[in-house]
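Quick note: the coordinates plus some simple rules give every number you see, no bench work behind them. Quick caveat: nothing in here was measured; it's all calculated off a predicted structure. So basically every Cβ, Gly included, is an ideal-geometry build from the backbone, and we count neighbours across all protein chains shown.
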Amino acid sequence: MKIKEIAFIIGAEYHGVDFEVTRMNTLADATKDEISFVSNSKYIKDIQNSKAGAVIVDEATKVYVPDGCVALVVDFPYYQMATLSKHFAPPIEESDLQPAIVGKGTTVSPKAEIANGAVVGKNCTIMAHVYIGCKAVVGDNTIIYPSVTVYRDCKIGSDCIIHANTTIGSDGFGFATSRMGEHKKIYQNGIVIIEDNVEIGSSTTIDRAVFGATLIKKGVRIDNLVQVGHNSIIGEHSVLVSQTGISGSTKMGRNVVMGGQSATAGHLEIAPFTTMAARSGVTKSIKESGLTFAGFPLMEHRMWLKLQARLSKLIK
Amino acid sequence: MKIKEIAFIIGAEYHGVDFEVTRMNTLADATKDEISFVSNSKYIKDIQNSKAGAVIVDEATKVYVPDGCVALVVDFPYYQMATLSKHFAPPIEESDLQPAIVGKGTTVSPKAEIANGAVVGKNCTIMAHVYIGCKAVVGDNTIIYPSVTVYRDCKIGSDCIIHANTTIGSDGFGFATSRMGEHKKIYQNGIVIIEDNVEIGSSTTIDRAVFGATLIKKGVRIDNLVQVGHNSIIGEHSVLVSQTGISGSTKMGRNVVMGGQSATAGHLEIAPFTTMAARSGVTKSIKESGLTFAGFPLMEHRMWLKLQARLSKLIK
Amino acid sequence: MKIKEIAFIIGAEYHGVDFEVTRMNTLADATKDEISFVSNSKYIKDIQNSKAGAVIVDEATKVYVPDGCVALVVDFPYYQMATLSKHFAPPIEESDLQPAIVGKGTTVSPKAEIANGAVVGKNCTIMAHVYIGCKAVVGDNTIIYPSVTVYRDCKIGSDCIIHANTTIGSDGFGFATSRMGEHKKIYQNGIVIIEDNVEIGSSTTIDRAVFGATLIKKGVRIDNLVQVGHNSIIGEHSVLVSQTGISGSTKMGRNVVMGGQSATAGHLEIAPFTTMAARSGVTKSIKESGLTFAGFPLMEHRMWLKLQARLSKLIK
């Protein structure tokens, strides 16, 4: 989309040279032909280092935009970012793409649907009522059980198993709220990447990223009814037990274990080899590796045991 | 069904004039051609004001039934209401209805099924493996992702998005338990109504009402893996974050936010603009608008913070 | 599989007489033509009483293996058990079986798939996008709503109702972890058995057993979004409210009630007529019948109320 068209859509003034903008992205990841936004004053320091070709800002933030980056000034950058996101959303399906390519030795149920432009590798099993969206990619030897839905553009590795009724790549939970309390959808134009040798249980939901990718690294084990929010990164060989919820943009190191019904807030980092007991509620980043936590608010497991001992005295 | 047939089914005596009863309903909502029941002495005061044509009561409650309302006396009214509910349940599918009507510009996957008597509006996208039950209604511009199931008679508005593997209108969790501990199903003969501009995530479940409707008002945002119980009302622009559970008959005002893994008990009222932190457990109605709560049992968020500070001292 | 082939697969030495091994099983349940394993010194006492024809042990445990039982010695019995489990896993589908048998009066949607070797009884309703795996069995008068998946070999009784998007028999969450932190899948070669007159909500997941069966006894009521782990036993007429999680190998007596969002650890026993309040977290077995519990850690409900009263004083 042209920058002048974007300015028009979001109600900003722009009188410079017109150029093509290919995507929306974060300040950190945007490149010369991408547009970003600043919705919160705590990100002001990131503007200087951004390589974005354009940025949506408010009047007060405009001064921090470096030379060579177009500043599109609006009253509510986050809300206008939501407005714009719809215009970058690809169609749900594309009938003019080539039919899906399916590798040798792969079995596809006649009751499955693989959309145009998708690629499925060799020796896979794609069972009844599976949907694989357009341009999605599946590696070799992967088993996808009935009624799994893989949204467009998502990538699943080789030697994976995905159990029934699981959803890969549905929209992350994103919206901008007006002063009248109405929510405008932020289109989730990113994807999900699932690396090799991952097993995912049934009725689990893994949201696509708003920009970039939600990433499930190799060797991960995810149980049933788990929620993985948009832009999360689940480290290699990590284990998410049933009914766990990982909020958006949380990044785990390798071999993290999340006990049943545990959860994290968003935008956290969890060190490798951390173990969370069942029902843990993680609200701060964990920097030190190899520890075991419990409780909500979270504390080291041994402290949690001590707390429970104290509480049991309270009622004696 | 005729009142004499009903009396026979539930084992009550009735020797009056026969008349047609069209539905079962609550004391408050039942009309002249409907039947209600009193299962609990706390509802006795509601009998006087009921406009029901008939009511199932026990011997002790019979005296409160007003003139002009037929009292059908049984030993266990709640159990007999369950018995009767089955007889008012419509068939799951009806082959003799007209084929579904689909509006102009709507795309229906050949692998979707839209049952007879359903109506889908204009410019909708109905993807593979979707099921839309008989007499269900979908508005215009609505997107229904793969493997969504919409049970019969439910209504979905315009400009809605429903993500994969979500279920709209499955039976609420209702049964009457005998003295032997066996459960008799209360057929859920109500519906779900989803108003315009609602987005619902993947693998979410919204139960149909036992009578009347479970109601999701306009502009609501519901995340993945959320449970909404029968007869709940979710107020306009409210937000239910992932893995939240709303029990039956709870009514929220507008712009309520339920944090991740939060929950409510049943039969509560929650004031508009209430915010519940993640994991909140709501067991009492909230009357004052605009407050923020946390914890289980629930308390104001600032009290919860204070409590956590006190608890952390206990283990120092 | 022959015992010599098994020895080769897991890297054990065996020079005795060759014989056929039909299945893997627990020490307690294994018979003469089955193989078991000892992964943990606390099970050493069970070896003496085992009727297994062979057992995978480490060097230290070998001496406890009784005469007449073959000891296959490896460094890490649990890990080798995982290795072996794959070789006992049946194929996902079997094209050479007889087509499914469907009883009189049963309606099967043309958009459902019933795999070869399955048997569905009389007067059932099998709706669109249902998958019933090979050799699975469904009794009479059972209703299976859209997009339910029943994995191979599982058994569902008569007069059951299974709501949309529910999964019966997906793999339990089992793996052996190497010293490098990589997880090897333990193939779940058991089944799920659902007895008569059971109702299960939507998007619920019931895992198949690793050996033997996960068992849902007659008259049970399970709500939406519930997780039942492998090898659990849910007692007759028990009630699992929405978003409850039952960990593996937990056994409940009859008429247990698990409140919403409650959970149990694995390998517990819960006495009949126990009631768990919403959000209860059960970490120890309950021996006495008829009590009501709450909290995490679990305590009697009246103690939990007392604790909350004490805590509310802390912040005054």
Helix-derived mean residue ellipticity, 222 nm - over chain A, DSSP H n ≥ 4, -39500 (n - 2.57), to 500: -3500 deg cm²/dmol
Percentage relative contact order, chain C, counting C-alpha pairs under 8 Å, at least six apart: 8
Most positive-pole-ward Cα, B:GLY259, B:MET299, B:MET276, against dipole of segment B:252-316 from beta carbon charges: B:MET299
Cβ-based exposure ranking for B:ASP67, C:ASP140, B:ASP33, in which fewest neighbours within 10 Å come first: B:ASP67, B:ASP33, C:ASP140
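Around B:ASN141, with a cut-off of 10 angstrom between Cβ atoms, what is the net charge of the other residues, counting Lys and Arg +1 and Asp and Glu -1?
Local net charge: -2.
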DSSP bridge pairs, segment A:1-140: antiparallel proportion in percent, nearest 5: 5
Extreme residue, positive dipole direction of chain A, given options A:GLY117, A:GLY105, A:LEU311 (C-beta unit charges): A:LEU311
Chain B: antiparallel DSSP beta bridges as a percent of all, rounded to 5: 10
Whether segment A:3-88 is rounded, prolate or oblate, judged on the alpha carbon gyration tensor where a/c under 1.5 counts as rounded: rounded
Fraction of antiparallel bridges per DSSP, segment B:123-248 only, in percent to nearest 5: 10
Inter-chain shielding of B:285-298 (mean C-beta neighbours from other protein chains, 10 Å cut-off): 1
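If you average the sequence gap of Cα pairs under 8 Å that are 6 or more apart and divide by the length of segment A:1-147, what percent do you get for the contact order?
With pairs under 8 Å counted, the relative contact order is 14 percent.
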Selection from B:TYR43, B:TYR79, B:ALA12, by position along the positive dipole direction of segment B:3-88 (Cβ): B:TYR43
Likely footprinting exposure, B:HIS301, C:HIS129, fewest C-beta neighbours within 10 Å first: B:HIS301, C:HIS129
Local electrostatic count at C:GLU269 - Lys and Arg +1, Asp and Glu -1, tallied over other residues with Cβ under 14 Å: +3
Rounded, prolate or oblate (a/c below 1.5 giving rounded, otherwise prolate when a/b exceeds b/c) for the protein assembly as shown by Cα gyration tensor: rounded
Shape category assigned to segment C:122-268 from the gyration tensor of Cα positions, a/c cut at 1.5: oblate
Long-range Cα-Cα pairs in chain B (distance over 34 Å), rounded percent: 34
